[in-house]
Amino acid sequence: MDAEKGRFEFKGSSIMENSRSYYEPIFKWLNEYVSNPKDTLVHFDFDYFNSSSAKAILTVFKSLMLIKDAGCSLKVEWCYAKDDDDMKESGMNFASVIEAEFQFIEK
């Protein structure tokens, strides 16, 4: 997470049972960032995430929406493997509930 450049990246697998406690430092950091945001690019490249993590990711998106409320641009890149329709659909579901520019990237 790079506040100076306004670039954040989430990558890998998120499979912890209590994702809320894992993501809590990220939530706190984002709350500070959105108080004085910049034009922001967020890159998601998950191999897998479980339902507990999906809730935490949605909370991340809700925080990110404050960037737009502050008048800055918000762009989201959602990566998915060519044959992973579930991951693509997950990104499409997130895109449908937040107002941000989404780019879907097949890898």
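What follows is calculated from the coordinates using simple rules that are stated; it is not laboratory data. Computed from a predicted structure; not experimentally measured. Every residue, glycine as well, gets a Cβ built from its backbone with ideal geometry; the counts of neighbours run over all protein chains shown.
Can you compute the helix-only [θ] at 222 nm over the chain? Use -39500 (n - 2.57) per DSSP H run of at least 4 residues, normalise by all residues, nearest 500 deg cm²/dmol. Provide the component values of the computation, followed by the final result.
Working: 3 runs with 47 residues, N = 107.
Estimated from H runs of four or more residues: -14500 deg cm²/dmol.
Show me, for the stretch 25-32, the HN-Hα J-couplings you get by feeding each phi into the Karplus relation (A = 6.51, B = -1.76, C = 1.60, θ = phi - 60°), rounded to Hz, glycine and proline as x.
Working through the residues one at a time gives x, 5, 4, 5, 4, 5, 4, 5 Hz.
Counting only residues 5 or more places away or on other chains, whose amide H sits under 5 Å from the amide H of residue 76 once H atoms are built in the peptide plane?
42, 101, 102, 103
Say the dipole of the stretch 1-78 comes from +1 at the beta carbon of Lys and Arg and -1 at that of Asp and Glu; which of 49, 15, 74 then lies farthest toward its positive end?
Of the listed residues, the answer is 74.
Taking loop as defined by DSSP and a crowding limit of 15 other beta carbons within 10 Å, which chymotrypsin sites (Phe, Trp or Tyr not before Pro) in the stretch 1-65 fit?
none
According to a simple spin-label model (label point 7 Å from Cα along Cα-to-Cβ), what is the distance in nm between residue 48 and residue 84?
Calculated label separation equals 1.0 nm.
Distance between Cα centroids, the stretch 55-83 to the stretch 17-37: provide it in whole Å.
A separation of 13 Å, based on Cα centres.
Taking a temperature of 37 °C and a viscosity of 0.692 mPa s, what whole-number D in µm²/s does Stokes-Einstein yield for the chain with Rh from Kirkwood over alpha carbon pairs?
Details: Rh = 14.0 Å.
It comes out at roughly 235 µm²/s.
Each residue of the stretch 69-83 in turn: what ³J(HN,Hα) in whole Hz from Karplus with 6.51, -1.76, 1.60 and θ = phi - 60°, glycine and Pro shown as x?
4, 7, x, 9, 7, 9, 10, 10, 9, 10, 9, 8, 5, 3, 9
Given a Förster distance of 25 angstrom, what is the FRET efficiency for residue 29 paired with residue 96, based on the Cβ-Cβ distance and rounded to 0.05?
Efficiency, from the Cβ-Cβ distance: 0.45.
List the trypsin sites (Lys or Arg not before Pro) within the stretch 21-62 that DSSP assigns to loop and that have no more than 16 neighbouring Cβ atoms inside 10 Å.
Sparse-neighbourhood loop trypsin sites (Lys or Arg not before Pro): 38.
In the stretch 8-106, what GluC sites (Glu not before Pro) fall in a loop by DSSP, with at most 15 other Cβ atoms inside 10 Å?
17, 99
In degrees between 0 and 90, to the nearest 10, how far off the longest principal axis of the chain does helix 85-97 point, with axes built from Cα atoms?
For 85-97 against the chain, the angle is about 30 degrees.
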